[in-house]
Amino acid sequence: MTIKCKFSPLGKPDVDYYSPGAILYEKAAGIGNTIQDQLPIYHGVFELMCCSGGGGRWCGWGCNYGSAGSFFKGVVYFDYDQTLTIQVGGASDIATYNGYPTHIANCIFCPGGLSANTNCLGDSAAPTLYDGMQVLSTEICAGGVCNGGSLFPGLTYGAHMNPGYLKLTYLRLEP
């Protein structure tokens, strides 16, 4: 039988900097704007929910709706203490505008939903993941569809004409 342990060079083990389940960041943007923040974090394992703003609508002979934004939900690991540069993208309510992207610099980029213009131009692209974080597991990683709803159950974030959203919840210290 082996006992798993971690030794520190100074004899002091790492301890949780946050309570498990603590929400470190949770924001949604509005219509036609973005939120930009800096978030200092300690290393650890987090649940990340991230989606961009949905695309606008076009009303001429009836209304056409743009696509939903792109969505990511999963467990990620930041292996060193750092300051995250975050942008949460808003939605567009105007036909010619796409939704605004949501991203964490060097970690993830969720492109905004596409505008309707005179019809829905297509589905939004899936999120792009970068090497600033390690993805341990993925529940959702997809682009939004034309006239689509949110891929986050029970929420409207990221649906056509709805704002983007980012939530970071601390889970534990080590993967």
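Data table
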| read-out | value |
| --- | --- |
| Restricting the range 121-141 to residues that are assigned to a loop (DSSP other than H, G, I, E, B) and among the charged types (D, E, K, R), the residue that is surrounded by the most Cβ atoms within 10 Å (Cβ to Cβ) | ASP123 |
| Residue among GLY148, GLY164, GLY144 that is buried (at least 19 other Cβ atoms within 10 Å of the Cβ), closer than 14 Å to CYS51 by Cα, modelled with pLDDT of 95 or more and small (Gly, Ala, Ser) | GLY164 |
| Cross-chain or 6+ apart pairs with Cβ under 6 Å, the range 132-144 first and of a type in the set (Ser, Thr, Tyr), then surrounded by fewer than 16 Cβ atoms within 10 Å (Cβ to Cβ) | none |
| Test result for ASN106, in a loop (DSSP other than H, G, I, E, B), surrounded by fewer than 17 Cβ atoms within 10 Å (Cβ to Cβ) and at pLDDT 90 or above | yes |
| Flag for ASN64 being in a strand (DSSP E or B), of a type outside the set (Phe, Trp, Tyr) and at pLDDT below 95 | yes |
| The one condition in (1) in a strand (DSSP E or B); (2) in contact with a Cys (Cβ under 8 Å, 6 or more places away or on another chain) that LEU114 fails to fulfil | (1) |
| Number of the exception - GLY74 against (1) of a type outside the set (A, V, I, L, M, F, W, C); (2) modelled with pLDDT under 95; (3) assigned to a strand (DSSP E or B); (4) touching a Leu at 6+ places or on another chain (Cβ under 7 Å) | (2) |
| Matching residues, the range 109-128, being farther than 15 Å from GLY53 by Cβ, in contact (Cβ under 8 Å) with a residue 24 or more places away in the chain and within 12 Å of the chain's Cα centre (by Cα) | ALA126 |
| Considering residues of the range 75-99 that are surrounded by 19 or more Cβ atoms within 10 Å (Cβ to Cβ) and closer than 19 Å to GLU47 by Cβ only, the residue nearest to the chain's Cα centre (by Cα) | VAL88 |
| Output for the range 92-103, where each listed residue is in a loop (DSSP other than H, G, I, E, B) and either closer than 12 Å to LEU129 by Cα or free of Cβ contacts under 8 Å to residues at least 40 places away in the same chain (or both) | ALA95 |
| Looking only at the range 1-27, and only at residues there that are at pLDDT below 95 and small (Gly, Ala, Ser), the one that is nearest to VAL88 (Cα to Cα) | SER8 |
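The values are calculated or read from the model by the stated rules, or taken from the named source; none is laboratory data. From a predicted model like this one, the values you see are computed outputs, not experimental measurements. Backbone-built Cβ (ideal geometry, glycine too); neighbour counts: all protein chains shown.
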